[in-house]
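Notes for the one structure printed next.
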Amino acid sequence: MIYTGCHLSSAKGFEAMGKNALKLGADTFAFFTRDPRGGGNAKAIDPADAARFRELAAKHHFGKIVAHAPYTLNPCGAKEEVRDFAFRAFQEDLVRMEYIPGNYYNFHPGSHVGQGAEKGIELIADLLNQSLKTEQTTTVLLETMAGKGTEVGRSFEELRAILDRVELKEKMGVCLDTCHVWDGGYDIVNHFNETLEEFDAVIGLNYLKAIHSNDSLNPLGAHKDRHARLGEGHIGLEAFRRIASHPKLQGLPFIMETPNDDEGWTKEIAMMRKFAEERN
């Protein structure tokens, strides 16, 4: 089995997200920890609301929740003020995640903005080493990227290079985004098994904690990152059937970040769960 869900608005709090997930037929979900395109403060958390959500999630056997850092969080930016915001937001978010302990905090590694990938990797690892704590229950996920512009994380090797520099590796994982790896040049349509084998050889499947299930508007290797609804892009439904039913991916949360409404997400959530159940 897999856990399936989509991105939900956090405006009304954790319990509301949990109830909305149930309406969609989901047993996991993703949410932005703060304004995804802003640089301000996060909304205060109501401890009672978080407690009600924990009860709801336990009652309905939710899988891991995949929180998402804001897109503006760039620990390897060229400007000091950009890096300062990344450190502040990242560290605040990890504290806030302990209201829903034992879940995932996913982030885009960042863009080096002309400093070079090696410098970017160094700066990202510095953020992690200054922020991760032995007592935290949250696992931090590096997301696979499409390689747009100067993005770091465009290859499994770049993610491995970050992990190699992290001291508390047991607090780390990877979220594999299907659109991103496809746009990044990994042929998950014709060679998904080989892609997973390469991931295992370079990073290790023990680090693979979550899947972002997105089709792509672009052909293989486009390095553009344009999500499409499942089956409406270049990846196609048959590939998602193989991905959802793959024996090495069972038990993972699959998050749809597709351009959809509630009706569309309900359909995709049910479809991916059905694909997983078809596993031999």
- Note on the structure: For the range 169-181, the count of residues that are farther than 19 Å from residue 273 by Cα, in contact with a helix residue (DSSP H, G or I) (Cβ under 9 Å, 6 or more places away or on another chain) and in contact (Cβ under 8 Å) with a residue 40 or more places away in the chain equals 2
- Query: How about the range 2-55: which of its residues are surrounded by fewer than 15 Cβ atoms within 10 Å (Cβ to Cβ), in contact with a Phe, Trp or Tyr (Cβ under 7 Å, 6 or more places away or on another chain) and either in a helix (DSSP H, G or I) or polar (S, T, N, Q) (or both)?
  - Reply: 47
- Inside the range 1-35, can you point out the residues that are touching a strand residue (DSSP E or B) at 6+ places or on another chain (Cβ under 9 Å), more than 30 Å from residue 241 (Cβ to Cβ) and not β-branched (Val, Ile, Thr)? 10, 14
- residue 153 vs. criteria in a strand (DSSP E or B), in contact with a helix residue (DSSP H, G or I) (Cβ under 6 Å, 6 or more places away or on another chain) and closer than 21 Å to residue 69 by Cα: no
- Within the range 194-221, residues polar (S, T, N, Q) and either surrounded by 15 or more Cβ atoms within 10 Å (Cβ to Cβ) or touching a residue at least 24 places away in the same chain (Cβ under 8 Å) (or both) come out as 195, 213, 214, 216, 218
- Message: Here is a list: 115, 130, 136. Which entry is farther than 20 Å from residue 199 by Cα and at pLDDT below 95?
- Response: 115
- Please find, within the range 182-217, the residue that is farthest from residue 140 (Cα to Cα) out of those that are touching a helix residue (DSSP H, G or I) at 6+ places or on another chain (Cβ under 8 Å) and assigned to a helix (DSSP H, G or I). 192
- Specify the residue that is farthest from the chain's Cα centre (by Cα); the eligible residues are those in the range 268-280 that are of a type in the set (Lys, Arg) and surrounded by fewer than 18 Cβ atoms within 10 Å (Cβ to Cβ). 279
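So is residue 266 within 22 Å of residue 221 (Cα to Cα), at pLDDT 95 or above and touching a Leu at 6+ places or on another chain (Cβ under 7 Å) or not?
Values: within 22 Å of residue 221 (Cα to Cα): no; at pLDDT 95 or above: yes; touching a Leu at 6+ places or on another chain (Cβ under 7 Å): yes.
No.
Residues of the range 241-264 being more than 17 Å from the chain's Cα centre (by Cα), touching a residue at least 24 places away in the same chain (Cβ under 8 Å) and either part of a helix (DSSP H, G or I) or on the phi > 0 side of the Ramachandran plot (or both), which ones?
Going residue by residue through the range 241-264, those that are more than 17 Å from the chain's Cα centre (by Cα) are 241-242, 245-248, 260-264.
Going one step further and asking which of them are touching a residue at least 24 places away in the same chain (Cβ under 8 Å), we end up with 241-242, 245-248, 260, 262, 264.
Hits for the range 241-264 are 241, 242, 247, 248, 262, 264.
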- Taking residue 279 as meeting all but one of (1) at positive phi; (2) modelled with pLDDT under 95, write down the number of the exception. (1)
- Being surrounded by fewer than 14 Cβ atoms within 10 Å (Cβ to Cβ), over 18 Å from the mean Cα position of the chain (by Cα) and more than 16 Å from residue 108 (Cα to Cα), is that true of even one residue in the range 178-191? yes
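Would you confirm, using the coordinates I've provided, whether residue 145 is modelled with pLDDT of 95 or more, more than 25 Å from residue 201 (Cα to Cα) and buried (at least 17 other Cβ atoms within 10 Å of the Cβ)?
On the way: modelled with pLDDT of 95 or more: yes; more than 25 Å from residue 201 (Cα to Cα): no; buried (at least 17 other Cβ atoms within 10 Å of the Cβ): yes.
For residue 145, the condition - modelled with pLDDT of 95 or more, more than 25 Å from residue 201 (Cα to Cα) and buried (at least 17 other Cβ atoms within 10 Å of the Cβ) - is not met.
Can you work out which of the residues in the range 35-86 that are among the basic types (Lys, Arg) and in contact (Cβ under 8 Å) with a residue 40 or more places away in the chain is farthest from residue 23 (Cα to Cα)? Talk me through it step by step, then tell me what you get.
Within the range 35-86, the first condition is being among the basic types (Lys, Arg), and the residues that meet it are 37, 43, 52, 54, 59, 64, 79, 83.
Of the ones still in play, those that are also in contact (Cβ under 8 Å) with a residue 40 or more places away in the chain are 54, 64, 83.
Details: 54: 17, 64: 18, 83: 39 Å.
Taking the candidates together, the pick is 83.
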- Before we move on, is residue 220 at pLDDT 95 or above and either part of a strand (DSSP E or B) or under 16 Å from the mean Cα position of the chain (by Cα) (or both)? no
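I'm trying to understand the selection: among the residues of the range 158-167, which are free of Cβ contacts under 8 Å to residues at least 40 places away in the same chain and outside any helix (DSSP H, G or I)?
Hit for the range 158-167 is 167, nothing else.
The values are calculated or read from the model by the stated rules, or taken from the named source; none is laboratory data. None of the values given here were measured: they were computed from a predicted structure. A quick note on method: Cβ atoms are made from the backbone with ideal geometry, for glycine too, and the neighbour counts reach across all protein chains shown.
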